[in-house]
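Inspection log for the structure reproduced underneath, given as C-alpha cells.
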Amino acid sequence: MKKIDQGIQFLTDYMQLFQCPVCHAQFIEIKGHSLCCEQNHHFDVSKKGTVFFLAHQAKNEYDKEMLTSRFKIAQDGLFNPILDVIFDLMGPNYQGTTIDVGCGEGSQLDYLTEKGLKGTKIGFDISKDAIQLASSHFTSAFWCVADLAKSPFATNQYDTLLNIFSPSNYQEFKRILKDNGTVIKVVPEKNYLIELRHLFYQDQKEKQTYQNDLVIEKFQEHFPEMEQHRCSYEFPLNEEQFQALMEMTPLGWGASEEATKYALLNPLKMITVDVCILVGKKQIS
Ligand SMILES: [Zn+2]
C-alpha cells in the first residue's frame with residue numbers, strides 16, 4: 001500500500017482521535033485526500049501519508065541538519081536505555097493509544113515499536129522537517145505536523161502520552177488523555193551531557209550544570225502522585241558520533257565560536273546521559 005493510502009486508512013480507522021484545530025468540531029469524513037470537519041475545514045493527506053495541521057509553518061529552532069544529526073545518533077542508540085525504561089513502564093500487555101508529543105525525527109516511537117510496543121501510535125511535531133524525516137524513515141506510527149496550542153487531537157482519547165525532551169502543555173495533556181491515562185515525561189538531570197557542557201562553557205560555571213527542580217515541581221502540581229525514575233549511563237562516542245552530538249544539541253547555540261572550535265579539536269570519547277523520567281496519571285474527573 002502507498003504511504004498516502006496508509007495515511008488515509010489510518011485516519012479512516014481512527015478519526016475519533018482527532019478534532020479540527022480550527023473549530024474543534026469532529027472530523028466527519030475523508031473527501032478525496034482531505035480530512036474534513038463538520039464545518040468543512042479540510043486538511044490534506046500528503047504523499048507520505050502525513051497531515052499538516054498548522055495554519056502556517058511555525059518558526060522553530062531545529063533545522064534540518066540538526067534533525068539529521070539527531071536521527072543518526074539516535075539510530076546508534078544514544079537514547080535507547082531511556083526508551084527501555086519507558087517500554088518497561090508501559091508494561092508487556094500494553095495495547096493502548098500512544099501519542100509522542102514533540103516526536104522530532106521519529107526515532108523514539110520507532111525504537112519502541114521495534115521493541116514490541118503494541119497499539120495505535122501517533123507522533124507529532126511542530127517542525128515540518130522533523131515529520132518529513134520521520135515519515136520517510138519510519139512506518140511505525142501516524143506522523144503529523146501539529147501544535148498543542150491549536151490542537152488537532154480529540155478529548156479523552158489517549159492512554160499514554162510521551163513527552164521526551166520537549167515542551168509541555170499540561171492543560172492540553174490532561175484534556176487529550178483518557179481518565180487514568182499516563183504521561184511519561186523525560187527531563188535532563190544535572191549530569192546530562194556534562195562533558196559537552198564542560199567543553200563549551202569552560203569559563204561559565206553556571207552553565208555547566210542543568211537544574212530541573214522547577215520543571216519537576218510544575219509536573220507535580222499537575223500530577224501530584226507522580227513517580228520519578230532516574231536513568232543515567234555513559235555512551236561511548238566515535239568521531240562521527242561526536243560531530244552529530246555537537247550538531248544536534250541545543251547546548252551548542254549559546255557557545256562561543258572559540259569554544260566550538262576548541263570542542264571540535266578535542267572530541268569527546270564518551271558522553272554521560274542523565275535524565276529523570278516522570279510518570280503521572282490523569283485523575284478521574
Ligand atoms: Zn473545523
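The values are calculated or read from the model by the stated rules, or taken from the named source; none is laboratory data. Just so you know, these numbers come straight off a predicted model, no measurement behind them. Using ideal geometry, Cβ is built from the backbone for each residue, glycine included, and neighbour counts are taken over all protein chains shown. Ligands, DNA and RNA are excluded from the accessible area calculation, which covers all protein heavy atoms including side chains. Shrake-Rupley method; radii C 1.70, N 1.55, O 1.52, S 1.80 Å.
Close amide H pairs (under 5 Å, H built 1.01 Å from N) link I271 with F235, L237, residues at least 5 positions away or on another chain. Projecting the Cα atoms of S168, L196, S140 onto the charge dipole of the chain (Cβ charges, centred on the Cα centre) puts S140 farthest toward the positive pole. Potential lengthening of the chain between M15 and H198 amounts to 61.1 nm, from the contour at 0.36 nm per residue minus the alpha-carbon distance. Semi-axes of the equivalent ellipsoid of the chain are 33, 22, 17 Å, computed as sqrt(5λ) over the eigenvalues of the C-alpha gyration tensor in descending order.
Excluding ligands, DNA and RNA, the accessible surface per residue across the chain is 49 Å² with a 1.4 Å probe. Ordering Y158, G32, P81 by the projection of their Cα atoms onto the charge dipole of the chain, which places +1 on the Cβ of Lys and Arg and -1 on the Cβ of Asp and Glu, puts G32 at the extreme positive end.
Annotation for L265 and E217: the two label points, set 7 Å from Cα along the Cα-Cβ direction, are 4.2 nm apart.
Treating each Cα of segment 1-49 as one equal point scatterer and applying the Debye formula with no solvent, the log10 of I(q)/I(0) at q = 0.12, 0.18, 0.30, 0.31 Å⁻¹ comes out as -0.22, -0.48, -1.14, -1.19. Label-to-label distance for K64 and N93 is 4.7 nm, based on points extended 7 Å past Cα in the beta-carbon direction.
Among the protein heavy atoms of the chain, carbon and sulfur supply 48% of the accessible surface, probe 1.4 Å, non-protein parts ignored.
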